[in-house]
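Novice: Right, I'll just put the structure down here and ask away after.
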Amino acid sequence: MDGMPLTLDEIKTFCDYPGLKEDLDDLTQKGYLKFEHPKEKIIINGVSKRVYKMDSPKGYNIVAGKLSFSFTHIINPLGLCPTLVATEAGRIAVSTKYGVRSISIEEGLSFSGFPDNYELKMVEYWEAFDLIGNTVMPPVIKAVSERLLRKYKDR
């Protein structure tokens, strides 16, 4: 459905949480989304033109040119962050009262379980997410290590 507006019910099939409609309406009011009928291509006198299909329900559509980067996931404000993988970690966004933005390196580190004082110094944005997306999360390493130690001590 690339380029086609999605109705609220269609969006709920892959992202449903309390306040979803309010967030979509807020993004519409801020100019990041349009609430519109889908368009269809027609040909008039040999000229191709796109016109609104007024008999179809309105939906939410991204406003072209408003986002200078593509996202593969917008984090649900009441949910969990998806697994950060190297190929997509820099394409995860959060919705704020100012609009949609990419997550920061610090947020990526936090989502991956790194302590708040951990820093990636002198690394470009995409390089940082390549590193973050290819790492094993510190809390996971700690939990596995503790279990291995318990098993070893129980021998």
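Novice: For region 11-27, give me each residue that is under 18 Å from Pro57 (Cβ atoms) and more than 17 Å from the chain's Cα centre (by Cα).
Specialist: Of everything in region 11-27, just one residue is under 18 Å from Pro57 (Cβ atoms) and more than 17 Å from the chain's Cα centre (by Cα), namely Asp25.
Novice: Related question: Report yes if some residue within region 108-118 is surrounded by 14 or more Cβ atoms within 10 Å (Cβ to Cβ), among the polar types (S, T, N, Q) and over 22 Å from Lys21 (Cα atoms); otherwise report no.
Specialist: Within region 108-118 (the criterion being surrounded by 14 or more Cβ atoms within 10 Å (Cβ to Cβ), among the polar types (S, T, N, Q) and over 22 Å from Lys21 (Cα atoms)), the answer is yes, since at least one residue qualifies.
Novice: Hey, another quick one. Which one is nearest to Glu107 (Cα to Cα) among residues in region 56-70 that are modelled with pLDDT under 80 and more than 13 Å from the chain's Cα centre (by Cα)?
Specialist: So, considering only residues that are modelled with pLDDT under 80 and more than 13 Å from the chain's Cα centre (by Cα), the one nearest to Glu107 (Cα to Cα) is Ser68.
Residue by residue, here is whether (1) within 16 Å of the chain's Cα centre (by Cα); (2) modelled with pLDDT of 75 or more; (3) outside the structural domain of Glu10 (by TED's automatic domain parsing) holds:
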{"residue": "Lys41", "(1), (2), (3)": "no, yes, no"}
{"residue": "Ser48", "(1), (2), (3)": "no, yes, no"}
{"residue": "Met54", "(1), (2), (3)": "no, yes, no"}
{"residue": "Thr72", "(1), (2), (3)": "yes, no, yes"}
{"residue": "Ile75", "(1), (2), (3)": "yes, yes, yes"}
{"residue": "Leu80", "(1), (2), (3)": "yes, yes, yes"}
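Novice: Consider only pairs whose beta carbons are under 8 Å apart and that are at least six residues apart or on different chains; among these, list those whose first residue lies in region 10-36 and is touching a residue at least 24 places away in the same chain (Cβ under 8 Å) and within 13 Å of Lys97 (Cβ to Cβ) and whose second residue is of a type in the set (Gly, Ala, Ser) and surrounded by 14 or more Cβ atoms within 10 Å (Cβ to Cβ).
Specialist: Asp23/Ser95; Leu27/Ser95; Leu27/Gly99; Lys30/Gly99; Tyr32/Gly99
Novice: Also, quick follow-up: Of everything in region 111-134, what is within 20 Å of the chain's Cα centre (by Cα) and of a type in the set (Val, Ile, Thr)? Give them in sequence order.
Specialist: The answer is Ile132, and nothing else.
Novice: Between a first residue in region 127-155 that is touching a residue at least 40 places away in the same chain (Cβ under 8 Å) and in the same structural domain as Glu88 (by TED's automatic domain parsing) and a second residue that is outside any helix (DSSP H, G or I) and of a type in the set (Ser, Thr, Tyr), which pairs have beta carbons less than 6 Å apart while being 6 or more apart in sequence or on different chains?
Specialist: Pairs found: Ile132/Ser112.
Novice: Here's another thing I want to ask about it. Of everything in region 82-105 that's surrounded by 16 or more Cβ atoms within 10 Å (Cβ to Cβ) and assigned to a loop (DSSP other than H, G, I, E, B), which residue is modelled with the lowest pLDDT?
Specialist: So the residue we want is Leu84.
Novice: Taking Lys41 as meeting all but one of (1) in contact with a Ser or Thr (Cβ under 9 Å, 6 or more places away or on another chain); (2) under 30 Å from Leu27 (Cβ atoms); (3) surrounded by 14 or more Cβ atoms within 10 Å (Cβ to Cβ), write down the number of the exception.
Specialist: (3)
Novice: Turning to a different aspect of this structure: For Asp116, only one of the following conditions fails: (1) at pLDDT below 85; (2) part of a loop (DSSP other than H, G, I, E, B). What is its number?
Specialist: Only one criterion is unmet by Asp116, namely (1).
The values are calculated or read from the model by the stated rules, or taken from the named source; none is laboratory data. Computed from a prediction, not measured in an experiment: that's the story for all the values here. For neighbour counting, all protein chains shown are included, and Cβ atoms are generated from backbone atoms with ideal geometry for every residue, glycine included.
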